[in-house]
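**Q** Okay, here's the structure, questions in a sec.
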Amino acid sequence: MPLKPLLVLSVTSLFSISLFCHSAMAASELPAANAEKQFISVQDQQQPVWVKPWQGSRQRGAAIIIGPTDSAASGSGLSRYLGNQIPVYGWASLSIKATEGLYRPNFATAAEEIPKAGKAQLSLNSQQKAPRFSSSQLLELRNFQQGLMVDSLNQLQGIEAQFPGKRLLIVSDDSAGMVINLLFEAKLAKPDLLVVINPYREYEQIIAPQHRGLSIGQQLSEIDIPILDLQSADAHQISITETASRKALNKAKSSQHYRQYRLALNLDNQSGWEQVLHHIAGFGKTITAR
């Protein structure tokens, strides 16, 4: 019987292929109503940005919206709702594609498969699913993913300039966990208000302790910009578990610099989305009043 071929790809190559395929699929998804499709160049690929200008006489600035990883620029559910509705409050919405999800591990990589530093490779049988990453592989993928996020947000500056004023950065789920880390490491320009919705980072236990870094709550306490922290009961379990510690670690901040709200409604319906919009609009108003 002939041997089945092995597919040998670097983890970043796998991630790049996934990014390209997902971009093609995302183009067909519907954006917020009356949004204009513009483009930015990320890793030599054209990525869509759905732009909806502010409405009415209030012109507060721009709100950048990034949903969970694996979601399209056009968004779905909460992200699409915010992109459609926040312009009513004087914020132009700029909705960009989140990066790909990093890892959905389901079996361990053998010790001999773990790559040497700088040569991260995975040997995948054509019938196998994605392997469980080692600490070094996971760090490589996270760095690659965060690099994409930095590139995307840097490329947005030209579009942001169309809407002068304050800048909101609204991020959800694992994208929020990534952006918090990037702001903590000073790899992103600081927004005037950071809105995190159900933030979390998965598989922290896989990363070697010396490379693990601070928790989300600790990083938020070190970021010196106003932060709105929203938590729903239907979030990822990691985010729910860390809710109390995020608040406790930021209790020394004034209400003008950190607010946490536990939402009364889940985020699988419009009533929950309306509650999120209410909190963002309220805190956003205090930012523009300064």
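**Q** Within region 11-40, count every residue that is modelled with pLDDT of 85 or more and open to solvent by less than 50 Å² (accessible area, probe 1.4 Å).
**A** Restricting attention to region 11-40, the residues satisfying the condition of being modelled with pLDDT of 85 or more are 36-40.
Still in the running and open to solvent by less than 50 Å² (accessible area, probe 1.4 Å): 38, 40.
Final tally of qualifying residues: 2.
**Q** Which numbered condition trips up residue 136, out of (1) surrounded by fewer than 17 Cβ atoms within 10 Å (Cβ to Cβ); (2) small (Gly, Ala, Ser); (3) modelled with pLDDT under 95?
**A** For residue 136, the failing item is (1).
**Q** While we're looking at this one, here's another question. Take the residues of region 138-197 that are closer than 21 Å to residue 50 by Cα and basic (Lys, Arg): which is nearest to the chain's Cα centre (by Cα)?
**A** So, considering only residues that are closer than 21 Å to residue 50 by Cα and basic (Lys, Arg), the one nearest to the chain's Cα centre (by Cα) is 167.
**Q** Give the residue that is least open to solvent (accessible area, probe 1.4 Å), with candidates limited to residues of region 236-274 that are assigned to a helix (DSSP H, G or I) and among the basic types (Lys, Arg).
**A** Taking region 236-274 as the starting set, the residues that turn out to be assigned to a helix (DSSP H, G or I) are 237-249, 270-274.
Then keep just the ones that are among the basic types (Lys, Arg); that gives 246-247.
Numbers: 246: 1, 247: 112 Å².
Step by step, filter region 236-274, then rank; the result is 246.
**Q** Same structure, new question: Anything in region 216-235 that is of a type in the set (A, V, I, L, M) and in a strand (DSSP E or B)? List them, or say none.
**A** Quick first cut of region 216-235, residues of a type in the set (A, V, I, L, M) only: 216, 220, 223, 225, 227-228, 230, 233, 235.
Passing the criteria: 227, 228, 230.
The values are calculated or read from the model by the stated rules, or taken from the named source; none is laboratory data. Keep in mind that this is a model prediction, so the values were computed, not measured. So basically every Cβ, Gly included, is an ideal-geometry build from the backbone, and we count neighbours across all protein chains shown. Side chains included, ligands, DNA and RNA excluded: accessible areas come from the protein's heavy atoms. Shrake-Rupley method; radii C 1.70, N 1.55, O 1.52, S 1.80 Å.
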